[in-house]
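Enquirer: Pasting a structure below so you can have a look.
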Amino acid sequence: MYAKLALGAYMVAVIVAAFLYAPPAEGLGELSRIIYFHIPLAWVSVLAYLVAMVDSVRYLRTNNLKFDALAHASAHIGFVFTILATVTGAIFARQTWGVYWNWDPRQTSIFLLLLIYGAYFMLRSSISDPERRGRLAAVYCMFAFVSVPLLVFVVPRLYPTLHPDPIVNAAGKLEMNSKMLQVFLASLAGFSGLYFWIYQLEARMHRLSAHWKGE
Amino acid sequence: MDKLSCVWISLVALLRKDFVEELRAKYAMGSLLMFALVTLTVVSFAVGAFHPDAAIHAALLWITVFFTGMSGLGRGFVKEEEARTAVLLRLAATPDTVFAGKLLFNAAVMIAVTTLIYAMYIVLMGISGSLLLLYAVMLLGTLGMACGTTLLAAVVAQAGNQAMLLPVMALPVLMPLLMVAVNASRIALEGGAPGEMLGLLAFLASFPVVIVAVSLLLFEYVWHN
């Protein structure tokens, strides 16, 4: 209860700071404020997937359907964050490069994550037996992730013409001054907190419904 | 009899079974080759009198290969579920052997289909460039496709075998492979030498190794139910 209120107040503070406290970056101007929202969203997209993978491993080890429900919940949250990260990224790309979409390596990798989430839900919806659904979805969750490191770290190195940006994109992490960095890290923590708050809500909902069904 | 020769015997028996079934039903040779032919015809009609450049040719070629592969690679496990022989297979062989058998069969099918697509594409579209190099790239790429799809085919076979499921699930896994294969094919069609794409070839050769290693770790969970 208090944690929820604190998180809400914290996020409000982060949003206000992102617009008022942090200075605009050189060259990009006010556009640079997107990094306080877009990058944390992308970070949570990956974080949620990693949590879903860990839950999948735990499900395969224990055969406890609770972990399958948690993996599903995490994938759900991650899917929403991935859509938001893709859309905010496209808006930023439109303002800086002139087009919404141009298959930049970063765009390709977030799109790949979107495809994996989509396939994961499609697989789940086509199986009715809970144990089988959990087992196959867990396997797919781990299997599909193999291509993410390949695409993020290997493929960009094979294309010398495409600029091989590391984890943070052209928004100018290098020229980030201390005020910007403070807000950026605070926002990263805030969005992660938001994710874990929704995640534990889902866990509680699952526990209650399992209890109600008398399991 | 030691364990290794036991594995070999069951692997050979599995492969033999699949090839005999294939000779009887002629599924891969019939429907898969027809699918490839139909797709190539559509591509050829659509391109018509235009002369696309190497990049377009590489893209069209890999679209054909991808969808042909997706239409046929799921078959190996689905037919075991349909004929209700999967249970017997679980009793008769270890999961690793079953996986290896299905993988080798899929690879053989893909090599045959790719060879046909390659030959037909040259005849229909009149492409030029380093054609032998293109063939090598296609073989490596389709080998990667067969390796990346075998585990998913087992998943799909247990998930009620919806036709759309395999391509949707396979694309995220195969996307790095396809990107590299299209790029390498473009270089080959532009007449490039193997030296110009050593990195790409190394990627194409190592992708099957990575994906098979992960598949072997996970296949047991798919197979035992």
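Enquirer: Determine ³J(HN,Hα), in whole Hz, for all residues of segment B:167-174 in sequence, where each value follows from phi through the Karplus function 6.51 cos²θ - 1.76 cosθ + 1.60 and θ = phi - 60°; x replaces Gly and Pro.
Expert: x, 5, 6, 7, 4, x, 6, 8
Enquirer: Sticking with this one: I'd like the mean, over residues of B:175-181, of how many other protein chain beta carbons sit within 10 Å of each residue's own Cβ.
Expert: 6
Enquirer: Continuing with the same structure: Can you list the aspartates and glutamates whose alpha carbon is less than 14 Å from that of A:LYS179, not counting same-chain residues fewer than 8 positions off?
Expert: A:GLU26
Enquirer: Hey, another quick one. At 1.4 Å probe size, with the rest of the protein present, what percent of the exposed accessible area of chain A is carbon and sulfur atoms?
Expert: For chain A, the apolar C and S fraction of the accessible surface comes to 68 percent.
Enquirer: Specify whether the C-alpha gyration tensor of segment B:3-223 places it in the rounded, prolate or oblate class, a ≥ b ≥ c being the square roots of the eigenvalues: rounded for a/c under 1.5, otherwise prolate if a/b is larger than b/c and oblate if not.
Expert: Taking the square roots of the gyration eigenvalues as a ≥ b ≥ c, segment B:3-223 is prolate.
Enquirer: Can you compute the FRET efficiency between B:VAL209 and A:ARG61 using 1/(1 + (r/R0)^6), with r the Cβ-Cβ distance and R0 = 41 Å? Round to the nearest 0.05.
Expert: Once rounded, the FRET efficiency stands at 0.95.
Enquirer: Mind listing the phi-derived Karplus ³J(HN,Hα) values for segment B:189-203, rounded to whole Hz, using 6.51, -1.76 and 1.60 with θ = phi - 60°, and x for any glycine or proline?
Expert: 5, 7, x, x, 9, x, x, 6, 9, 4, x, 5, 5, 4, 4
Enquirer: Cut-off under 20 Å on the C-alpha distance; same-chain residues fewer than 8 positions from B:LYS26 excluded. Which lysines are left, in chain and number order?
Expert: B:LYS17, B:LYS79, B:LYS102
Enquirer: Can you give the extra length, in nm with one decimal, that the chain gains between A:ALA189 and A:VAL54 once fully stretched, where that is 0.36 nm per residue apart less the Cα-Cα distance? Write out the running numbers ahead of the final one.
Expert: Numbers: separation 135, 0.36 × 135 = 48.60 nm, distance 2.05 nm.
46.6 nm is the gain from fully extending A:ALA189 to A:VAL54.
Enquirer: Once you put a point 7 Å from the Cα of B:THR115 and another 7 Å from the Cα of B:TRP8, both along the Cβ direction, what distance in nm separates them?
Expert: Result: 2.5 nm between the two label points.
Enquirer: Over all residues in B:212-223, what is the mean tally of Cβ atoms on other chains that come within 10 Å of each residue's Cβ?
Expert: 3
Enquirer: With the other protein chains left in place, how much accessible area per residue, in square angstrom, belongs to chain A at a 1.4 angstrom probe?
Expert: Dividing the accessible area of chain A by its residue count gives 51 Å².
Enquirer: Chain pair B, A: how much accessible area is buried, both chains summed, with a 1.4 Å probe, in Å² to 100? Mind dumping the intermediate values first?
Expert: Details: alone 11230 and 12410 Å², together 20990 Å².
Buried area between the two chains comes out at roughly 2700 Å².
Enquirer: What value, in deg cm²/dmol to 500, does the helix sum -39500 (n - 2.57) over DSSP H runs of n ≥ 4 give at 222 nm once divided by the residues of the protein assembly as shown? Could the numbers behind the result be given before it?
Expert: On the way: 16 runs with 333 residues, N = 440.
My calculation for the protein assembly as shown gives -26000 deg cm²/dmol from helical runs alone.
Enquirer: A further question follows. By how many nm would the segment from B:VAL20 to B:GLU196 lengthen if fully extended, with 0.36 nm per residue of separation less the alpha-carbon distance?
Expert: 59.2 nm
Enquirer: A:HIS211 accessible area, nearest 10 Å², 1.4 Å probe?
Expert: We get 140 Å² for A:HIS211.
Enquirer: A further question follows. How large is the accessible surface per residue of chain B, computed with a 1.4 Å probe and reported in Å² as a whole number? Kindly include the intermediate steps, with their values, before the conclusion.
Expert: On the way: 9960 Å² over 225 residues.
Averaged over the residues of chain B, the accessible area is 44 Å².
The values are calculated or read from the model by the stated rules, or taken from the named source; none is laboratory data. All of these numbers come straight from a predicted model, not from anything done at the bench. A quick note on method: Cβ atoms are made from the backbone with ideal geometry, for glycine too, and the neighbour counts reach across all protein chains shown. Please note that ligands, DNA and RNA were not included when accessible areas were found on the heavy atoms of the full protein model with its side chains. Shrake-Rupley method; radii C 1.70, N 1.55, O 1.52, S 1.80 Å.
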